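To start, the structure itself, in structure tokens.
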Amino acid sequence: MERGEAYGFSAAMSGTFLLSCLLFAAINRRQRGPYMDEAFHVPQAQAYCHGRFLQWDPMITTLPGLYLASVGVMKPAAWLFGWTGSVVCSAAMLRFINLLFSAGNFYLLYLLLRKIHPKNKAVSGFQRILSTLTLATFPTLYFFTFLYYTDTGSVFFTLFAYLMCLYGNHKTSALLGFCGFMFRQTNIVWTVFCAGNVVAEKLNEAWKTELQKKKDEKISSRRGSFSDLMRILRFLIKYLISLKNLVTLTALTWPYIMLVTVFFVFVFINDGIVVGDRSSHEACLHFPQLFYFLSFTVFFSFPHLLTPTKIRKFLLSLRKHPVQSSLIAVISLFLIWKFTYVHKYLLADNRHYTFYVWRKIFQRHELVKYILVPVYMFAGWSFADTLKSKSIFWILMYFVCLLAVTVPQKLLEFRYFILPFLIYRLNIPFLSLYRQLLELAFYIVVNAVTFYLFLNKTFQWPNSDEIQRFMW
């Protein structure tokens, strides 16, 4: 890291942490007690703080990674600073754990951007710092930095595992993946993603060799046609039925294979993925979740995805490939018709943005969900178009993981989109400085509005005396 870039990064990280601390203090003054899911997480962590490790709230659906990490930080800190009594594991101190994870996420995002986008004429150190600042303040993630939820720690260990994977430290990556799994079970998908990075790299090398032997065109020059897809599928089958290739891939990915095996053993013993309240977290084939994620991504990455040039290219693509476009539209309509689910929480809980998105858009008329298909198609096309710098095998691997982490979720919950969004955003090319600044400004505005609503626009339900707040 050059000296100027090091100073710039230190200033950005320090400034962000200082502002976060001020915001943290304001939130804890207004909301001293546990709020929403904190009502389950805080007492559970406090039980662990008092050594009651066999006590468990059956309403909690995740593994105890957050509570174990909290005790691992709070107990040494209490001994070092002489803290006693209720302050040691109070709601405020437990929330502060996520502020520390957030600082770690800032650093990890920067290191990942340095690894994925090495400095060259097109990418400056300032752009990397600016992108780091933008992603670190990504509204859906940044909001939960200030509450005692699993999201910030989950992102920390998953990003750390991804970074170690990119550096080839696969045993360390798998160990960090296990930590991420302990925060949220669905993070096992990102362990598969890390293994998939290794496999995709080997496949890409073999594919280039195959094309060179046949004196064919470059790997990306004809991507997209049906014949190319069939040719790639034939290559995949040929490559994966080779015992030598399978042994090589197994030798490279065995730490991830062991972790996935542990996951399946856990699912067998637990008789499912969820450890607590299963009635509200049923798995299903909710294919429209992919459409919601793509729309979410277009909204938060509009400087990258929603541009006049991309709209023109999309319309041209529809005109050039009418049969494929029509087929995609018909499949999308069918998936929406047969696989749309509406969770009871989505309709009942008016404290979340998703409640208002559903009521103001999807509940206006029964046909709205079908009318939005062209929007989903553009979102999907634009999303894939920004990934064209990656190899076809990396793209296939990422989309498999994206489907695995979104489709089984019955509840439309923006928090479930955080990790797939960050992985996507880390891997797309940098934009111009103007568009990067526009993206950061947009995030700042969204965060400002969200925190203003949370702190100042409280309300009460008719049958409750508790103060309710708007949140993600």
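Could you run through the stretch 29-46 and say how many residues are within 26 Å of the chain's Cα centre (by Cα) and assigned to a helix (DSSP H, G or I)? Break it down into steps so the answer makes sense when it comes.
Within the stretch 29-46, the subset within 26 Å of the chain's Cα centre (by Cα) is 34-42, 44-45.
Then drop every residue that is not assigned to a helix (DSSP H, G or I), which leaves 38-42, 44-45.
Looking only at that region, the number is 7.
Does residue 16 fit the bill of being in contact with a Leu (Cβ under 9 Å, 6 or more places away or on another chain), closer than 30 Å to residue 162 by Cβ and open to solvent by 20 Å² or more (accessible area, probe 1.4 Å)? Let's see the steps before the verdict.
Numbers: in contact with a Leu (Cβ under 9 Å, 6 or more places away or on another chain): yes; closer than 30 Å to residue 162 by Cβ: yes; open to solvent by 20 Å² or more (accessible area, probe 1.4 Å): yes.
When the stated conditions are applied, residue 16 passes them.
Write out, first by first residue and then by second, each pair whose Cβ atoms fall under 8 Å of each other, whose residues are 6+ apart or on separate chains, and whose first residue, in the stretch 248-274, is within 15 Å of residue 61 (Cα to Cα) and open to solvent by 80 Å² or more (accessible area, probe 1.4 Å) while the second is part of a loop (DSSP other than H, G, I, E, B) and at pLDDT 95 or above.
none
Pairs, please: C-beta under 6 Å, at least 6 apart or cross-chain, first residue within 14 Å of residue 75 (Cβ to Cβ) and in the stretch 46-61, second open to solvent by less than 40 Å² (accessible area, probe 1.4 Å) and not in a loop (DSSP other than H, G, I, E, B)?
Short answer, once both residue conditions are applied: 48/67; 48/71; 49/71.
When you check residue 133 against the structure, is it open to solvent by 10 Å² or more (accessible area, probe 1.4 Å), under 26 Å from residue 99 (Cα atoms), touching a Leu at 6+ places or on another chain (Cβ under 9 Å) and free of Cβ contacts under 8 Å to residues at least 40 places away in the same chain, yes or no? Give the derivation first.
Values: open to solvent by 10 Å² or more (accessible area, probe 1.4 Å): yes; under 26 Å from residue 99 (Cα atoms): yes; touching a Leu at 6+ places or on another chain (Cβ under 9 Å): yes; free of Cβ contacts under 8 Å to residues at least 40 places away in the same chain: no.
No: the conditions fail for residue 133.
Within the stretch 320-340, restricting attention to residues that are touching a residue at least 40 places away in the same chain (Cβ under 8 Å) and open to solvent by less than 80 Å² (accessible area, probe 1.4 Å), which residue is farthest from residue 284 (Cα to Cα)?
Result: 325.
In the stretch 47-87, how many residues are under 28 Å from the mean Cα position of the chain (by Cα) and either open to solvent by 60 Å² or more (accessible area, probe 1.4 Å) or of a type in the set (Lys, Arg) (or both)?
Residues meeting the conditions: 5.
May I ask you to list the residues in the stretch 62-86 that are assigned to a helix (DSSP H, G or I) and in contact (Cβ under 8 Å) with a residue 12 or more places away in the chain? Working first, answer last.
So the first thing to find is which residues in the stretch 62-86 are assigned to a helix (DSSP H, G or I), and the list is 65-81, 85-86.
If the condition is that a residue be assigned to a helix (DSSP H, G or I) and in contact (Cβ under 8 Å) with a residue 12 or more places away in the chain, then 65, 66, 67, 68, 69, 70, 71, 73, 74, 75 are the ones that fit.
Per-residue answers, yes or no, for (1) out of contact with any Cys (no Cβ under 8 Å at 6 or more places or on another chain); (2) modelled with pLDDT of 95 or more; (3) more than 17 Å from residue 107 (Cβ to Cβ):
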| position | (1), (2), (3) |
| --- | --- |
| 157 | no, yes, no |
| 168 | yes, no, yes |
| 176 | yes, yes, no |
| 183 | yes, yes, yes |
| 187 | yes, yes, yes |
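Residue by residue, here is whether (1) within 24 Å of the chain's Cα centre (by Cα); (2) under 22 Å from residue 186 (Cβ atoms); (3) surrounded by 15 or more Cβ atoms within 10 Å (Cβ to Cβ) holds:
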site: 368; (1), (2), (3): no, no, no
site: 386; (1), (2), (3): yes, no, yes
site: 389; (1), (2), (3): yes, no, no
site: 392; (1), (2), (3): yes, no, yes
site: 420; (1), (2), (3): yes, yes, yes
site: 455; (1), (2), (3): no, no, yes
site: 467; (1), (2), (3): no, no, no
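Do we have any residue at all in the stretch 422-434 that's surrounded by fewer than 17 Cβ atoms within 10 Å (Cβ to Cβ), among the basic types (Lys, Arg) and assigned to a helix (DSSP H, G or I)?
Quick first cut of the stretch 422-434, residues surrounded by fewer than 17 Cβ atoms within 10 Å (Cβ to Cβ) only: 429, 432-434.
If we keep only those that are among the basic types (Lys, Arg) too, we end up with none.
The answer is no, given that none of the residues of the stretch 422-434 is surrounded by fewer than 17 Cβ atoms within 10 Å (Cβ to Cβ), among the basic types (Lys, Arg) and assigned to a helix (DSSP H, G or I).
Show the residue pairs that are 6+ apart or on different chains and have beta-carbon atoms under 8 Å apart, the first residue being within the stretch 175-189 and crowded, with 24+ Cβ neighbours inside 10 Å, the second being outside any helix (DSSP H, G or I).
From residues that are crowded, with 24+ Cβ neighbours inside 10 Å, the pairs are 181/63; 183/62; 183/63; 183/150; 184/62; 184/63; 184/150.
The values are calculated or read from the model by the stated rules, or taken from the named source; none is laboratory data. Just so it is clear, the model here is predicted, and its values are computed rather than measured. Heads up, the Cβs are rebuilt from the backbone with ideal geometry, glycines too, and the neighbour counts pull from every protein chain shown. These accessible areas exclude ligands, DNA and RNA; they are computed on the full protein's heavy atoms, side chains included. Shrake-Rupley method; radii C 1.70, N 1.55, O 1.52, S 1.80 Å.
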